[in-house]
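The numbers here are math on the coordinates, done by the rules we state, and not lab data. In this text, all values refer to a predicted model and were calculated from it rather than measured experimentally. A quick note on method: Cβ atoms are made from the backbone with ideal geometry, for glycine too, and the neighbour counts reach across all protein chains shown.
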Amino acid sequence: MKTKIFIGVLVGVSLLFLTLLWAQSLEKIAEGAKKEGRVKVALTVRWEEGGKPGAKKFVEVFQTRYPFLKVEYERVGGSRERERVLSELAAGKVSYDVTVLSETQVPTALRANVVEKVDWKSLGVNPQHVHPDGFGVNYRSQLYGIAYNRKLVSDDVGKKLRWEDCAAPKWKKKVAMDSRPRHLEILWQPNVWGRDKTLAHARQLAANETIFERDRTGAMTKLALGEYAIDCGSFYSTYYEQTRSGKAEHIGFTLAEPIPVNLGDVVFIPRGAAHLNSAKLWIVWSLSEEGQRLLDEVEGNGSPLIPGTQSANLIKGKKAAWYEPQYRAKAEEILKEILEAVGLPIVR
Amino acid sequence: MKERLQSGSIYFFILVVGILLWLILIPLGQMVISSFRSGHPAAPGPFTVNNYLVAYTNPLTYRMIFNTLAFAGGGTAITVSIAVFFTWLLERTDMPLRNLCWTLLLIPLAMPGLLFSMSYVLLFMPKSGIINVFIRDLFSSFGVELSEGPINIYSLGGMIFLDGMRGVTTVFLLITGAFRMMDPGLEEASFAAGAKNWTTVRRVTLPVLRPALLAAVLYEFTSSMESFEAPLVVGLPGRVFVYSTMIYISTRDAIPNYGLGAAFAGSYFLMALVLVYFYQRATLWQAERFTTVTGKGFRPHTLALGRWRYPALGLFVLYFILAVALPLGVLIWTSLLPVYQPPSMKVLSELSWAHYGGILTGSGVLHAMWNTVIITMFAATATVLLAFAVSWLVVRTKVKGRYALDSLLFASHAVPGIVVALSFIFLYLEPPFRSLGLYGTVWIVCLALITQYIAFATRTTNAAITQIHKELEEAGEVSGASPLRVAWQITFPLIRPAFIAAWLWVAAHAVRAFSVPLMLASRDSWPVSVMLWHLWDEEQNLPAAAALGVVLILVLTVLTLLARLGLAKGFEQT
């Protein structure tokens, strides 16, 4: 009993000590940020969507917390935009204090030495949100599901769609999918579908003449227009955005099990960023409960690790498949294998 | 005097060669080296031949080569057929409203390829394209139900159609002079021998114009091979890959592989080089062997079309509708909507000018327009100045190596825009050029455009300097002027019309340039063309992209007509 009390006290004191250290270091960062006075952020969240504030709200709340900081915000979209950012950083052009890359770009960014190393865990960021390479944080979580056009697929059928249906001959030429099918990477993991089943599925997708889109929002727009019946591997957040801006009248969405869950985009501070402390403050705040709940409100992709967020509620009681760190670290290799199987011209 | 000229020329020659090596050979050399490396240009990996193995053992590559040739061949066939037909109608027949049609035929030049392709996507998307919906509704009223189509723009056929329609004005401008200036005696002899109109066209007019037509065919084929917009906008969604899009997605899609892109670029460049060689041969052949303007009566015969006059005009109107009115109309419609939808009575109440307000007040658009102005002015001026310097060295001096210089420029004509951009990425992302900090600025875009257009500009200035008799320059030299002063104060003013023509040509291309800035510009240096693509592709804001496109087309239409007018007046004055 005494031992238990002792361990309890020890853990309590340690936590208190760590919290004090964290608070102290955050305070120090805030002091530095005050001197810097501004931060330039480039992330994937849209400034506004259908007249509803997105990143705009995020920035407004942040500035209420830290009124001494002026935030300049720019949107960096899909893989092509991120590749541009990576190339610019490699060329020594550091335009942002905080920016974002895809999981598959992390190895190149590390080799090119364009990342400011920060001990995020010591700043109080949930370790599960810290990238396995310790180079940035995953700020924007994604749930993957199946979107369908309700005029072409009834809700009775749509709500019961499974991942296997994406490659079913019944839906030949009627299914779209992103050219970076991240959900297949998650299904590829040995504890989910495994490599063989996923690659067989990918080959069947090719045989089914699946339409590959390079933009998830674009795919959702075309789905709403009826260009195809089903969009597999669609982000829940894209569906949420469309619903929020009143564009999802004809779109249904189902979370097929296992629900692929990814603590997505990697946010980091580029080496040579002009406003280092302000950048740290932004990232730590965006990963805080307040930041994540706000992200959940504007985009529907707050952390599923925080109770009450949409993601947490949606996967509650269901079979979820998390993208495990050891496989995320090999994301590029896994994606190459899948793209080869679906016949996209990205080859080893 | 000669010694002074010679030594001055040598230093100047070295300077010009240095600039050209920096612009052309070093980037291409760097690209070749990088094609044998793995990894990202920012963090190159070990040397390997894997990129070539992957590129040329993959069946998809050969499909891509076939697509490229089919696309270029099909597009060229359509373009040249339409252009020859309209040139003949406008230059050699009594079709009504010929002058108006001549001016209207210039307007497609003002529609960037990107916008043209985007507008046709809105018209012919398989399910929701406006014309497809209309056709299906029409079929439905006859009891024929179709679930999609019947036309799918996301196909090789769609790409060929777009490319075929796009190049008509350029080919028209290339061949119209030959039509206008051919010796009428040949046709008159044919009529005198009892041949009818069509027989004369088939057996006399076209054979006489064969060299000009061949040059136009090769020019158009080379341009189509380089074409990027239609393959990007309609080819990629339909999974129809050609060289330009294959290189693009190798470096910009899910998993970039720059080395693979460079390996593709190598064979692309060689194919283009062969075509450019034949184009050069064809233009020389045209110049040397087919003299059709003689000292004899020179007023080509006008053919009477009779009852075909108005049907001919109708065909022109149909072309104009397809090339200008329909795409512009759908862009205007889309630009007025909050979210793109096919026309219907229900949607009419949603129309507004909101997107135009957003464009005119948005700092991003104004900044992009400013970048476009800088890129256009700088690229055009620097290109023609450099071209003038090169031509002066090649034509007017006896410096050793001047023909090698000319050959280098000739070869650079074969480097497609996307390959120039890729080679610049390799050069400016890797040491030592990385330290210049040019990547992502408007200046790297300007340098790449100079590389792309210098060959054309030197062909123009070479021809112009050759026509100026040396006596005029010798008079300056005898009066004690330095060689550079002679070039600047005597030769340059005399070739000003050619200089203006080359400047306008480069400016007209630079203002619409897409592949080079798409690959090289950053957010704060991108021109309007890239911003348009960003709105369309990344933001999926079709109405805003359409509104910006409509504004751009209107501005370019005015500029095109003014340039045409100014050029004509400039030539008249000279």
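For the protein assembly as shown, just give the cysteines left without a disulfide-compatible partner, judged by no other Cys Cβ under 4.7 Å.
B:C101, B:C446
Counting other C-beta atoms within 10 Å, and keeping those with at most 13, which DSSP coil trypsin sites (Lys or Arg not before Pro) do you find in the range B:1-105?
Sparse-neighbourhood loop trypsin sites (Lys or Arg not before Pro): none present.
What percent does the relative contact order of chain A come to when contacts are Cα pairs within less than 8 Å and at least six residues apart?
About 26 percent, as a whole number.
How far apart, in nanometres, would the label points at B:L348 and B:L360 be if each is projected 7 angstrom from Cα along the Cα-to-Cβ direction?
2.5
Quickly rank B:264-276, A:131-143 as a protection proxy: mean count of other C-beta atoms within 10 Å, highest first.
Descending mean neighbour count gives A:131-143, B:264-276.
Using θ = phi - 60° and the Karplus relation 6.51 cos²θ - 1.76 cosθ + 1.60, list the HN-Hα couplings for the range A:70-82 in order, rounded to whole Hz, with x at every Gly or Pro.
Residue by residue, the range A:70-82 yields 9, 9, 9, 10, 9, 8, 10, x, x, 4, 5, 5, 5 Hz.
Ignore the peptide's own chain and count Cβ atoms of other chains within 10 Å of each Cβ in B:245-255; give me the average, rounded.
That average works out to 6.
Rounded if a/c is under 1.5, else prolate if a/b beats b/c, else oblate: with a ≥ b ≥ c from the C-alpha gyration tensor eigenvalues square-rooted, which is chain B?
oblate
Going through the cross-link list A:K56/A:K121; A:K35/A:K121; A:K40/A:K117; A:K159/A:K247; A:K173/A:K336; A:K57/A:K330, which pairs have a Cα-Cα distance over 29 Å in this structure?
In this structure, A:K57/A:K330 exceed 29 Å between Cα atoms.
Any lysines with Cα under 29 Å of the B:K196 Cα? List them, leaving off those in the same chain fewer than 8 positions away.
Straight-line reach from B:K196, under 29 Å: B:K296.
Taking 7 Å along the Cα-to-C-beta vector as the label spot, tell me the B:D524-A:S154 distance in nanometres, rounded to one decimal.
Each label point is offset 7 Å from its Cα along the Cβ direction, giving 5.8 nm.
Against the globular-protein guess of 2.2 N^0.38 Å, express the Cα radius of gyration of chain A as a ratio, rounded to two decimals.
For chain A, the normalised Cα radius of gyration comes out at 1.04.
Take the alpha carbon gyration tensor of the protein assembly as shown, find the square roots of its eigenvalues, order them as a ≥ b ≥ c, and report rounded if a/c is under 1.5; if not, report prolate when a/b exceeds b/c, else oblate.
Prolate, since a/c reaches 1.5 and a/b exceeds b/c.
Considering only the other residues whose Cβ falls under 12 Å of the Cβ of B:A43, what net charge follows from Lys and Arg at +1 and Asp and Glu at -1?
Taking every Cβ under 12 Å from that of B:A43, the sum is +2.
If the only charges are +1 at each Lys and Arg Cβ and -1 at each Asp and Glu Cβ, what is the size of the charge dipole of the protein assembly as shown around the Cα centre, to the nearest 20 debye?
The calculated dipole for the protein assembly as shown is roughly 580 debye.
Counting other Cβ atoms within 10 Å, which trypsin sites (Lys or Arg not before Pro) in the range A:99-137 have at most 16 and lie in a DSSP loop?
When the trypsin sites (Lys or Arg not before Pro) of the range A:99-137 are filtered for loop state and at most 16 Cβ neighbours within 10 Å, A:K117 remain.
For B:Y11, put the label point 7 Å out on the Cα→Cβ axis and report which residues of the range B:371-387 keep their amide N under 18 Å from it.
none
Are there chymotrypsin sites (Phe, Trp or Tyr not before Pro) in the range B:434-527 that DSSP puts in a loop and that have at most 10 other Cβ atoms within 10 Å, and which ones?
Answer in residue order: no site qualifies.
Compute the length gained on full extension between B:S482 and B:L270: take 0.36 nm times their separation in residues and subtract their Cα-Cα distance, giving the result in nm to one decimal.
Extra length available between B:S482 and B:L270 comes to 72.2 nm.
Based on the alpha-carbon gyration tensor of the range B:48-326 and its eigenvalue square roots a ≥ b ≥ c, which shape applies: rounded if a/c is under 1.5, prolate if not and a/b is larger than b/c, or oblate?
Oblate, because a/c is 1.5 or more while a/b does not exceed b/c.
Using a Förster distance of 25 angstrom, determine the FRET efficiency expected from the C-beta separation of B:F320 and B:A70, and round it to 0.05.
0.40
Can you tally the net charge around A:L263? Count Lys and Arg as +1, Asp and Glu as -1, for every other residue whose Cβ sits under 11 Å from the Cβ of A:L263.
-1
Taking 0.36 nm per residue of sequence separation and subtracting the Cα-Cα distance, how much length would be gained by fully extending the chain between B:R307 and B:D137, in nm to one decimal?
Contour length minus Cα-Cα distance gives 57.6 nm.
Please identify the DSSP H helices in chain B that span no less than 27 Å along the helix axis (Cα) and have a mean Kyte-Doolittle hydropathy of 1.0 or more.
Membrane-span-like by this rule: B:363-391, B:442-467, B:542-573.
How much net charge surrounds B:V201 when only the other residues with a Cβ under 11 Å from the Cβ of B:V201 are counted, with Lys and Arg +1 and Asp and Glu -1?
+3
Given charges of +1 on the Cβ of Lys and Arg and -1 on the Cβ of Asp and Glu, with all other atoms neutral, how large is the dipole of the range B:379-538 about its Cα centre, in debye to the nearest 20?
Computed charge dipole of the range B:379-538: roughly 300 debye.
Would you mind checking the range A:154-176 for residues with the amide N under 18 Å from a putative spin-label position 7 Å along Cα→C-beta of A:A200?
Once the point is set 7 Å along Cα→Cβ of A:A200, A:162-170 turn out to lie under 18 Å by backbone N, inside the range A:154-176.
With a Förster radius of 56 Å, plug the Cβ-Cβ distance of A:E31 and B:W370 into 1/(1 + (r/R0)^6) and report the FRET value to the nearest 0.05.
It comes to 0.90.
Just going by the charge dipole of the protein assembly as shown, with Lys and Arg at +1 and Asp and Glu at -1 on Cβ, which of A:G317, B:H534, B:S244 is farthest out on the positive end?
Farthest towards the positive end: B:S244.
Among all stretches of chain B without exposed GluC sites (Glu not before Pro) (DSSP loop, at most 14 other Cβ atoms within 10 Å), which one is longest?
By the stated rule (loop sites, at most 14 other Cβ atoms within 10 Å), B:351-574.
Place +1 on the Cβ of every Lys and Arg and -1 on the Cβ of every Asp and Glu in the range B:48-326, take the dipole about the Cα centre, and give the residue among B:L162, B:L206, B:A230 whose Cα lies farthest towards its positive end.
Towards the positive end, the residue furthest out is B:L206.
So for the pair B:I26, A:E60, with labels modelled 7 Å out along Cα→Cβ, what separation do we get in nm?
It is 5.1 nm.
Express the relative contact order of the range B:48-326 as a whole percentage, based on alpha carbon pairs under 8 Å and six or more residues apart in sequence.
31
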